[in-house]
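Reading through the structure tokens given below for one structure.
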Amino acid sequence: MIRQALLLASGLALSGCVVDTTVVQGPAHPAPAEQIAAPAGMQYLYGSGEAAALSVQAYNALVDQVRARMAKDDPKGPHPRTSVVLTPDATLAIPRFQPCGDKPAAAVFDVDETMLLNLGYEADDAERAGPYDPARWDRWEKTGAMKVAAVPGAVEAVRALRAMGVTVIFNTNRAAANAEQTEAALNFAGLGPARHGETLFLKGDVDGKSAKDGRRNLIAQRWCVVAMGGDQLGDFTDAFAGLTPPERRVAVASPVIGAIWGRGWFVLPNPVYGTGIGSTFDQTFPPATRWTDPQEKH
């Protein structure tokens, strides 16, 4: 092989061609572009292992709770079956739950940041300034079906629930006009099938409201709801609406409501947007709890 190379070089030289035997370096790799930092809440929800672990933990607990209930839930038994959906006259102080009778079991879930992570929309939003734009969100619903991912643990939970004979129902404030695209997004993420009016309920369905109690009541008339999952308190009852952030914290931790978390109601993390965002400095850090570093006292 070496002899052939030498002969080739000699031949080229004799023919008048100049052979450049120097080593030619390829173009240097460009320095990586400086990466912008995603907002802290987005870093946590969409990028951290901790948020993924919380989501998987919530779904594992939900499936375990439903499995335990299904093992002993007898429509013909002596004890009446009850849904985890509150009755229309229920309050946070006196929660009453809708009767089940012999209705088939179902689990009801919010969609955005509960079942689906809206990665495409949030990446776009992270690079923009200004308030939430409902028109841009509508365009996202219409065109972003293949730019989503399932929340960690959601696909496995849906499969486990369906294997137990539990119908999975989606109750979301996506627009009813975009039902087909929402069905497509859920299917793309491996969470479908979802059918509008059967296992998918959207904003404007039932009573035309964004509040979800009307849809929950309709669902509870057809099914025995054994579990609900969401990332906002409104995914469980509209009774939280209108309360201040401190009132909401007191209400969710009260003995009557506190007993439902993890025993029918399951919360997924969402530090990015929604009703959990917006408390003032004083509401978040009550003055009575303030601390001053003794070394900095004057």
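Quick note: the coordinates plus some simple rules give every number you see, no bench work behind them. Everything numeric in this text was worked out from a predicted model, so none of it was measured. As a convention, Cβ positions derive from the backbone with ideal geometry for all residues, glycine included, and neighbour counts pool all protein chains shown.
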| said: Can you compute the modelled spin-label distance between Arg67 and Ala93, with each label point 7 Å from Cα toward Cβ, in nm? | reply: 4.1
| remark: Amide H proximity to Val225 below 5 Å, modelled H, separation 5+ or other chain, gives Val84, Val85, Ala106
| request: Could you give me the radius of gyration and the Dmax of segment 40-271, taking only the C-alpha atoms into account and expressing both in angstrom? | output: 17.3, 59
| request: Starting at the first residue of segment 266-281, write each ³J(HN,Hα) from the Karplus equation 6.51 cos²θ - 1.76 cosθ + 1.60 with θ = phi - 60°, in whole Hz, x for Gly and Pro. | output: 10, 9, 9, x, 7, x, 9, 7, x, 5, x, 9, x, 6, 6, 4
| query | How far is it, in nm, from the label point at Ala123 to the one at Thr275 when both lie 7 Å from their Cα along the line to the Cβ? | reply | 3.1
| query | Taking the Cα-to-Cβ direction at Ala241 and at Asn60 and moving 7 Å from each Cα, how far apart do the two end points lie in nm? | reply | 3.6
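Taking only pairs that are 8 or more places apart or on different chains, how many Lys pairs in the chain have Cα atoms under 22 angstrom apart? Please list the in-between numbers first.
Numbers: Lys72/Lys103; Lys76/Lys103; Lys103/Lys212; Lys142/Lys203; Lys142/Lys209; Lys142/Lys212; Lys147/Lys203; Lys203/Lys212.
Taking the chain as the scope, the lysine pair count is 8.
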| message | Counting only helical runs of four or more DSSP H residues, what would the 222 nm mean residue ellipticity of the chain come to if each run contributes -39,500 (n - 2.57) and the total is spread over all its residues? | response | -10000 deg cm²/dmol
| Inter-part distance where segment 132-163 and segment 39-69 are each reduced to a Cα centre, Å | 15
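Roughly how compact is segment 144-298, stated as its Cα Rg over 2.2 N^0.38 Å to two decimals?
Working: Rg = 19.1 Å, N = 155, 2.2 N^0.38 = 15.0 Å.
Compactness ratio reported: 1.27.
For the pair Gln295 and Ala211, what calculated FRET efficiency results from E = 1/(1 + (r/R0)^6), where r is the Cβ-Cβ distance and R0 = 51 Å, to the nearest 0.05?
Working: r = 50 Å, r/R0 = 0.99.
The value I calculate is 0.50.
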| So if we plug the beta-carbon distance of Lys142 and Ile36 into 1/(1 + (r/R0)^6) with R0 = 25 Å, what FRET efficiency do we get, rounded to 0.05? | 0.40
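At a 10 angstrom cut-off on C-beta neighbours, averaged per residue, how do the peptides 112-122, 228-238, 267-277 rank from highest to lowest? Walk me through the numbers before you get to the answer.
Numbers: 112-122: 21.7, 228-238: 23.4, 267-277: 18.9.
Ranked by mean Cβ neighbours within 10 Å, highest first: 228-238, 112-122, 267-277.
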